[in-house]
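J.: Below is a structure I'd like to ask you about.
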Amino acid sequence: MTRREWFKTWWGTFSKVLTGLLDKPMWMMLLISLCVMSLVYANRTVWDLPVAVIDQDHSSASRMLTRQLDATSKVKTVQYENLADAKHDLALRQLFSVIIMPVDLEKKILAGQNIVIPVYGDATNRLANGQIQQDVLAAYQSILTQYNSDLLLRNGFSERQASVVLSPMVGQTLDLFNPGISFAAIIFPGLLVMLLQHSLLIASVRVSIVLNSGPSGKPAIPAFLGGISALIPVWLFLSIVLFVLWPWILGYRQTASIPEILLLTFPFLLAVLGLGKLVTECLRSVELIYLTLAFLTTPVFYISGTIWPLQAMPAWVRGISSMLPSTWATKAIAGVNQMGLPFRDVGGDILMLLLLCGFYTFIGIAVGMLRDGVRLRAMFRRKHKSE
């Protein structure tokens, strides 16, 4: 095959597959799916969670602590007279937590005794429960600091001396990854990468199966490359929507330009296409492939390092995670687009994506040749027996 014929075959398949994708844009379902899932995080954080407060002390300290809690953005206090009514509403999910101001709260604070503030929380919602616990601790610490400060001032300390005694070290938080961090901001980059990976895997496998089921059997190399490469422009467009436009609409921090996003996404797409080649050659059945991808999506999301840090995983789990394109893509894209890292700092991640692309493509071709060889030998054996 001459170079001209090679290019003509590639272009013919490329234009045919790309036209089919544009005529029937089922890939737009990805954007609809994204909107449905991510709009629950449109507010970016939770606030005004209804929390019951039962004041058994009725002191200035208990009232101050209640006001401190109500002043936080995430808690909205609701006064209750008894624990039974509060627990009843907590069971009905009308409350997220119940806080009891114990008897002699102020006396124990002034006496320097240990204080236990009972909190009944809805443990089924870990996000809200954790936020409420943090606000309770912060409010109590604020009151304790104020009482200790008044005590020092009454004993001859200046305001400067009291401040140094109570806070000898002042912490400073620098905005590196998603400042003003929220649960949505943590999940968002990994969620977008997983959506791209899963949708592209399905599309590449589908294209490969259609090409393999043609009248001439397995397509020529330029025809196969033309069909697979037709997916890249569509998914590059989706990457701009997912990593640039949609986060901008929701108000998330972005530090990468569109060319940088494309340069980060392109090797990721190549790695996913290589993985799709391997999956196609191993299974070679639409039903098996779709069933496998459906069961693998959630485990892959969990071990990609988005929800649980890779360093805290067992070594063998980290090994599996390092073989997934989404692991390296999440790290690179989040690093450049959220942390503001220079492009050169994620060069190792990009190199790993290119290596995964070559590795999966090579293994996929080898598996395909092996299976075709076995099938040909079986065919010749049956033909020989029939003769």
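The values are calculated or read from the model by the stated rules, or taken from the named source; none is laboratory data. Values in this document were obtained by computation on a predicted structure and should not be read as measured data. Cβ atoms come from the backbone with ideal geometry, glycine included; neighbour counts cover every protein chain shown. To get the accessible areas, we keep the full protein, side chains included, count just its heavy atoms, and leave off ligands, DNA and RNA. Shrake-Rupley method; radii C 1.70, N 1.55, O 1.52, S 1.80 Å.
J.: Using a 10 Å cut-off on Cβ atoms, rank the peptides 236-242, 150-156, 226-232 from the highest mean neighbour count down.
T.: 226-232, 236-242, 150-156
J.: Here's something else I'd like to know. Please state the charge dipole magnitude for the chain, taken about the Cα centre, from unit charges on C-beta atoms (+1 on K and R, -1 on D and E), reported in debye and rounded to the nearest 20.
T.: With only Lys, Arg, Asp and Glu charged at Cβ, the dipole is about 2260 debye.
J.: Suppose we take every Cα in region 61-120 and form the convex hull; what volume per residue is that in Å³?
T.: Per residue, the Cα convex hull of region 61-120 comes to 87 Å³.
J.: Let me ask something else. For region 203-310, which whole-number percentage of the solvent-accessible area (1.4 Å probe, protein heavy atoms only) is attributable to carbon and sulfur atoms?
T.: 76 percent
J.: A further question follows. Would you be so kind as to identify which of 78, 118, 9 lies farthest towards the positive end of the dipole of region 1-143, taking Lys and Arg as +1 and Asp and Glu as -1 on Cβ and the Cα centre as origin?
T.: The listed residue farthest towards the positive side: 9.
J.: Can you give me the angle between helix 126-154 and the longest principal axis of the chain, using Cα atoms only, in degrees from 0 to 90, rounded to the nearest 10?
T.: Approximately 30 degrees, to the nearest 10.
J.: Would you mind estimating how fast region 195-239 diffuses translationally, via Stokes-Einstein at 20 °C and 1.002 mPa s with the Kirkwood radius over Cα pairs, in µm²/s?
T.: Answer from the Stokes-Einstein relation: 194 µm²/s.
J.: Related question: Running a GNM on the chain with Cα contacts under 10 Å, which residue among 307, 209, 109 ends up with the highest mean-square fluctuation?
T.: Evaluated over the chain, the most mobile residue of the options is 109.
J.: Compare the peptides 343-349, 321-327 by average per-residue count of other Cβ atoms within 10 angstrom and give them in order, highest first.
T.: Per-residue mean Cβ counts within 10 Å order the peptides as 321-327, 343-349.
J.: At 0.36 nm per residue, and after removing the present C-alpha to C-alpha distance, how many nm does the segment from residue 23 to residue 111 gain when stretched out fully?
T.: Gain in length upon complete extension: 24.0 nm.
J.: Rounded to the nearest 500, what is the chain's calculated 222 nm mean residue ellipticity when only DSSP H runs of at least 4 contribute -39500 (n - 2.57) each, over all residues?
T.: -21500 deg cm²/dmol
J.: Mind pulling the angle between the C-alpha long axis of helix 347-386 and the longest principal axis of the chain? Nearest 10 degrees, somewhere in 0 to 90.
T.: 40 degrees
J.: Output the peptides 25-32, 193-200 sorted from most to least packed, where packing is the average of other Cβ atoms within 10 Å over each peptide's residues.
T.: In decreasing order of mean packing, 25-32, 193-200 become 193-200, 25-32.
J.: Tell me the label-point distance for the pair residue 367, residue 302, using the 7 Å Cα-to-Cβ offset, in nm and rounded to one decimal.
T.: For the pair residue 367/residue 302, the computed spacing is 2.3 nm.
J.: Using the alpha carbons of region 1-143, what is the convex hull volume per residue in cubic angstrom, as a whole number?
T.: Taking the convex hull of the Cα positions in region 1-143, it is 183 Å³ per residue.
J.: Now for a different question. Two decimals is fine: what is log10 I(q)/I(0) at q = 0.10, 0.13, 0.14, 0.19 Å⁻¹ for region 192-303, from a Debye sum with one equal scatterer on every Cα and no solvent?
T.: -0.34, -0.55, -0.63, -1.01
J.: Counting DSSP beta bridges in the chain, what percent are antiparallel, to the nearest 5?
T.: 30 percent
J.: Rg and Dmax of region 104-159 over Cα atoms: what are they, in angstrom?
T.: My reading of the Cα-based Rg and Dmax gives 14.9, 49 Å.
J.: Something else now. Taking springs between alpha-carbon atoms closer than 10 angstrom, which of 361, 280, 292 fluctuates most in the Gaussian network model of the chain?
T.: Per the Cα network of the chain with a 10 Å cutoff, 292 tops the list.
J.: Can you tell me the 0 to 90 degree angle between the C-alpha axis of helix 3-23 and the longest principal axis of the chain, rounded to 10?
T.: 50 degrees
J.: Grab the Cα-Cα distance for residue 288 and residue 155, subtract it from 0.36 nm times how many residues apart they are, and report the gain in nm with one decimal.
T.: 40.1 nm
J.: Using every pair of alpha-carbon atoms in region 312-351, split the distances into 10 Å bins beginning at 0 and state the percent of pairs per bin, rounded to integers.
T.: Spelled out bin by bin, region 312-351 gives 30, 45, 24, 0 percent.
J.: Still on this structure, please answer the following. With semi-axes √(5λ) of the Cα gyration tensor in Å as the read-out, I listed (1) 36, 26, 20; (2) 59, 23, 19; (3) 48, 22, 18; which label goes with the value calculated from this structure?
T.: Label of the calculated value: (2).
J.: So how many Å³ per residue does the convex hull of the Cα atoms of region 232-356 work out to?
T.: 126 Å³
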